[in-house]
Amino acid sequence: MKYSFWICLISIFCGGCYYDNKEDLYEYVEVEVEGSLCEFTDVSYSMELQELFNLNCNNACHNAVDQFGGVVLDSHASLLNYVTNGSLISVINHESGFSPMPPGAKLEDCDIEKIQFWVDNGAPNN
């Protein structure tokens, strides 16, 4: 009886010494951006990207009223057209042959990586 108590106690303490690391548990993305680290495990359209597109695209140019260049990016459905034809990633990366968006300066690398991750995972309306 005395030994079973110690065996039980030791197994509780030793069993609790297991450490998981985030890279093994999740599909984890890390991007080095100008000396700081951008980390994420998932990207949500409604929680992150919708606000990003609103700030950088919709408020100034690509909303239902202004429609600069005939482009509207104010909803998930309207974005899917540009995800499907490949132009969304090309314009935000300022690739040759595409009008660079936003004009003048690129989005932050971390934001571009999040958009790329979202597109690579099927651009869900989440």
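So if I check each of Asn56, Asn93, Asn121, Asn126, which one is among the polar types (S, T, N, Q), closer than 27 Å to Glu30 by Cα and in contact with a Ser or Thr (Cβ under 6 Å, 6 or more places away or on another chain)?
Answer to the check: Asn126.
Within the range 104-124, being under 17 Å from Ser46 (Cβ atoms), free of Cβ contacts under 8 Å to residues at least 24 places away in the same chain and outside any loop (DSSP other than H, G, I, E, B) holds for no residue. Among the residues making up the range 79-96, those that are in contact with a helix residue (DSSP H, G or I) (Cβ under 7 Å, 6 or more places away or on another chain), of a type in the set (A, V, I, L, M) and free of Cβ contacts under 8 Å to residues at least 40 places away in the same chain are Leu88, Ile89, Ile92.
If a residue must be over 25 Å from Leu37 (Cβ atoms) and in contact with a helix residue (DSSP H, G or I) (Cβ under 9 Å, 6 or more places away or on another chain), how many such residues does the range 97-121 contain?
To start, the set of residues in the range 97-121 that are over 25 Å from Leu37 (Cβ atoms) comprises 97-101, 103-104.
Okay, now just the ones that are also in contact with a helix residue (DSSP H, G or I) (Cβ under 9 Å, 6 or more places away or on another chain), so 97-101.
Here the count works out to 5.
Coordinate-derived values only; no laboratory data. Remember, predicted model here, so these are calculated numbers, not experimental data. Reconstructed Cβ throughout: ideal geometry from the backbone, glycine too, with neighbour counts over all protein chains shown.
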